[in-house]
Amino acid sequence: MLNDPLSNTLSKAQNAEKIGKTEITVKISSKTIKETLRVMKENHYIGEFKETETAKGNILKINLIGQINKCGTIKPRFSVTKDNFVKFEQRYLPARGFGILIISTSKGIMTHEEAKKQKIGGSLIAYCY
């Protein structure tokens, strides 16, 4: 039984990248997963992804481009204020300006850099570098 579909999706993508696969399929599709993948695509960590409907449910096909070194979810989902990003950048990213934190805000899911520009806080979802 899957406890965290987003975590399973990100770990599946990371493991597939390590062994050199170029495409993965994920059987569970949710709005949070799709938005997280959209942010990763905009930041050039993955290629295109496509959702197809089947009789058993929706399936996501994700193209990998070999850019993921490490990615994962952040548990518990820490709340972050607009001035408090540095602590979490140091905790989850290997260097300053390298990688992204994915944050759920009142204006949607975005990277920590976009949240800094818009001066809003939110809840940490995932990291990728």
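Every read-out reported here was derived from the displayed coordinates using simple, explicitly stated rules and does not represent laboratory data. Fair warning: this is a prediction, and the values are worked out from it, not measured in the lab. With ideal geometry, Cβ positions are generated from the backbone for all residues, glycine too; neighbour counts draw on all protein chains shown.
What the table below lists for this structure:
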{"item": "Convex hull projection area averaged over all views, the range 38-111, Cα basis, nm²", "result": "6.6 nm²"}
{"item": "Sequence-separation-based contact order of the chain, relative, with Cα cut under 8 Å and 6+ spacing, percent", "result": "24 percent"}
{"item": "Two-site FRET efficiency, LYS27 against PHE78, from Cβ-Cβ distance with R₀ of 30 Å, rounded to 0.05", "result": "0.55"}
{"item": "Rg and Dmax [Cα atoms of the chain; Å; Rg one decimal, Dmax integer]", "result": "14.5, 46"}
{"item": "Distant-in-sequence amide H partners of SER29 (H built 1.01 Å from N, under 5 Å)", "result": "ASN58"}
{"item": "Highest average packing first - 77-87, 100-110, 60-70, Cβ atoms within 10 Å", "result": "100-110, 60-70, 77-87"}
{"item": "Residue-wise HN-Hα coupling along the range 27-44, computed from phi with Karplus coefficients 6.51, -1.76, 1.60 (Hz; x: Gly, Pro)", "result": "7, 10, 10, 9, 5, 5, 5, 5, 5, 5, 5, 4, 5, 5, 5, 4, 9, 6"}
{"item": "Using distinct alpha-carbon pairs, which all enter the 1/r mean, Kirkwood radius of the range 5-64 in Å", "result": "11.5 Å"}
{"item": "Computed label-point distance, nm, for sites SER11 and ARG91 using a 7 Å Cα→Cβ extension", "result": "2.0 nm"}
{"item": "Positive-pole candidate from ASN69, ILE109, LEU124, dipole of the range 57-129, charges at beta carbon", "result": "LEU124"}
{"item": "Charged-residue dipole, Cβ positions (Lys, Arg, Asp, Glu), the range 5-64 about Cα centre, Debye nearest 20", "result": "160 debye"}
